[in-house]
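This report concerns only the one structure given below.
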């Protein structure tokens, strides 16, 4: 009886040792924590324009797809803004067309005026030269007429003296009188011709001065063309400005229809019809349930053998069901470092506290077709470190 009891004790000890060894090997390669939860994206939906909410097309916890209209803001004012921007754009384009049309006209006009001014100066120079030649000729004829008049007057004086002595006939004296009168008239005509020639030269000089002034004005033609081009460039810039304003007005009109940026479940709806909303004001949130993961906060002492790619078993408290996954990445700092008030250990009252480091765990695909996992659910992940 005693021998049998000893055998049972030995067998029990061997079984206990075997179970203990198996358990040690089993749990020595596993790290687990209950400080973990399901995580996911929470996409806020905000308005990009201010206005009065016309309609809200969703309710809390409704499943929506990307592009669905969730909120409509009254678009009346924005349609008017688009019409005004279209009118401004059309006006700017018309001004640009007119300015661009003026460029070739200004260039041709400048070239024509320059050529005409040059020709006018040449004609005025020729006219002045001809007037000066006529003046020289008139003065020469005046000198000749003056000399003839002086000679005729002297002849008349002599004839008068000779007539008094009866040395010449009355007929000869009358002929001398007539000759003196003729030369006097010729001298007056020559003087009138000189005066007329001087006036002609003055007029020719005035024409030349005017032609040269027009030529100087025509010489500024290239600058005027550049001014016209500058006006066209300014008009072109106004067109671009009007185009940008029109595009912005059209965008604002499109923004009155608020669409879901991603597929998911509507959450945290805070908008109602008739409400006045401002730019950037959150209206609701969309949670895409097809892209969730687990954020597990492991103690720093548990990370010794943990690395990305290791398999993970995740127990979800809500359903009591396990999901398969793998370690995706380990955070670059402890959770305390990301808190609102990070701990400060330089006060002298230092107490060593084991820190926790967030570890991201991604789940294998196809395990949650019904999208039962929701961000915030508590889970218990177990990482197989070997």
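Summary table
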| item | result |
| --- | --- |
| Strands (runs of 3 or more DSSP E) (entirely within region 241-327) containing at least 1 residues that are under 34 Å from the mean Cα position of the chain (by Cα) | 257-259, 282-287 |
| All positions within region 355-381 that are touching a helix residue (DSSP H, G or I) at 6+ places or on another chain (Cβ under 6 Å) and either assigned to a loop (DSSP other than H, G, I, E, B) or surrounded by fewer than 17 Cβ atoms within 10 Å (Cβ to Cβ) (or both) | 355 |
| Test: residue in region 81-103 that is at pLDDT below 70 and not assigned by TED's automatic domain parsing to the domain that holds residue 317 | yes |
| Count of region 40-72 residues which are closer than 17 Å to residue 272 by Cα, assigned to a strand (DSSP E or B) and out of contact with any helix residue (DSSP H, G or I) (no Cβ under 8 Å at 6 or more places or on another chain) | 12 |
| Residue match in region 243-255 (condition: touching a strand residue (DSSP E or B) at 6+ places or on another chain (Cβ under 9 Å) and modelled with pLDDT of 75 or more) | yes |
| Set 195, 150: member being at pLDDT 75 or above and within 29 Å of residue 123 (Cβ to Cβ) | 195 |
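The values are calculated or read from the model by the stated rules, or taken from the named source; none is laboratory data. Just so it is clear, the structure is predicted and the values come from calculations on it, not from any experiment. Virtual Cβ from ideal backbone geometry, glycine too; neighbours counted across all protein chains shown.
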